[in-house]
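Here is the structure we will look at.
The values are calculated or read from the model by the stated rules, or taken from the named source; none is laboratory data. All values reported here derive from a predicted model rather than from experimental measurement. Here the Cβ is made from the backbone with ideal geometry for all residues, glycine too, and neighbour counts use every protein chain on show. The protein model used for the area step is the full one, side chains on, heavy atoms only, and it has no ligands, DNA or RNA in it. Shrake-Rupley method; radii C 1.70, N 1.55, O 1.52, S 1.80 Å.
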Amino acid sequence: MSQYYAFNGDADGLCALHQLRLADPTAAGLVTGVKRDIKLLDRMEAGAGDRVTVLDISLDSNRKELMRLLEAGANVEYFDHHYAGEIPQHRNLITQIDLSAEVCTSVLVDRHLEGKYRLWTIVAAFGDNLKKSAHAFAKSSGLVEPQTEKLARLGEYLNYNGYGDSLQDLHFHPVALYGEIKSYPDPFDFIAESTVFTQLATGFCDDMGLADSLRPLQDNVCCAAYLLPDAPWARRVSGIFANRLANDNPAHAHAVITPNRYGDYTVSVRAPIANPQGADMLCLQFETGGGRKAAAGINRLPIDSLDYFMESFMRHFCQ
């Protein structure tokens, strides 16, 4: 019997994996990629008696390959908070899926483990821009403000590392980054001791400094959209920049549009924090779109569809 994990390469996926592996460090195969690389189950071969744990990738996007694994006899446990569609009923499948706006996958793992590694859940929640949930967990854990701020920065840096058009855009491959954090049950020790934290902090500050000079493609009373240049730094900051815009303007919806290697655009959408609903429904109108209520995206928006996206974006959030 073998154990496998398929996990999103962002902060939430990493922290969910880390918590489960701290609880059960049995040797396992790891399958992951950049944040938007979510069709991970097509890379996995598992058969009768094998255990597969899936973290922070849409069930709906992996439905066909999930059914293939189940029918091959693999036992699958699925933790996620993205649009799932109809959840299959199968004797080999256990699902922990919750689409609530203030929940991320690490929160679901936290529930499963009864809060055993709560500090890493706080890191993940900050990384997923779920600040209300993160602060609530920090308060209940007895953290003071400087401690909470450290975990917030770590979550943001881990999430920043997951964004890119390809693994070459990232500072660290997500498996390598997990290798750096896996020996740290306490994230404060990782922050204090790891040179990786310092490297991510430096890269983040450099890239966000470039993003600060950007001007919106379109801006009105309810929405703003930014078109980023075709550069690795822009691809790395696309999601974090969208989160920062959302936090700075909580009544606005935001879209960050970035050229990708396919000659298309990659789009990050954030619903207004004051009403974190509808980002998923907007993006699901497009062939490669998906996500969750508060934050969603489109992996490949054709260049000639940009005007249609902008019209849809404005109409969706400015009704």
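Data table
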| quantity | calculated |
| --- | --- |
| Region 290-304, residues that are in a helix (DSSP H, G or I) and in contact (Cβ under 8 Å) with a residue 24 or more places away in the chain | ILE303 |
| Residue that is more than 21 Å from TYR83 (Cβ to Cβ) and either charged (D, E, K, R) or not in a strand (DSSP E or B) (or both), where the choices are GLY13, GLY49, GLY9 | GLY49 |
| Residue match in region 96-108 (condition: part of a strand (DSSP E or B) and either open to solvent by 20 Å² or more (accessible area, probe 1.4 Å) or within 18 Å of GLN3 (Cβ to Cβ) (or both)) | yes |
| Residues satisfying the stated conditions in region 7-39, i.e. within 21 Å of LEU170 (Cα to Cα), of a type in the set (A, V, I, L, M) and in contact with a Ser or Thr (Cβ under 7 Å, 6 or more places away or on another chain) | ALA16, VAL34, ILE38 |
| Number of the condition not met by SER213 [criteria: (1) among the polar types (S, T, N, Q); (2) at pLDDT 95 or above; (3) assigned to a loop (DSSP other than H, G, I, E, B)] | (2) |
| Which numbered condition GLY33 fails, given (1) in contact with a helix residue (DSSP H, G or I) (Cβ under 9 Å, 6 or more places away or on another chain); (2) under 15 Å from ASP128 (Cβ atoms); (3) assigned to a loop (DSSP other than H, G, I, E, B) | (2) |
| Hits in region 109-145 (condition: part of a helix (DSSP H, G or I), of a type in the set (Ser, Thr, Tyr) and more than 17 Å from ARG21 (Cα to Cα)) | SER133, SER140 |
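This table checks each residue for (1) within 15 Å of the chain's Cα centre (by Cα); (2) among the small types (Gly, Ala, Ser).
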{"position": "PRO259", "(1), (2)": "no, no"}
{"position": "VAL269", "(1), (2)": "yes, no"}
{"position": "PRO272", "(1), (2)": "no, no"}
{"position": "PRO276", "(1), (2)": "no, no"}
{"position": "ALA279", "(1), (2)": "yes, yes"}
{"position": "GLU287", "(1), (2)": "no, no"}
{"position": "ALA294", "(1), (2)": "yes, yes"}
{"position": "PRO302", "(1), (2)": "no, no"}
{"position": "MET310", "(1), (2)": "no, no"}
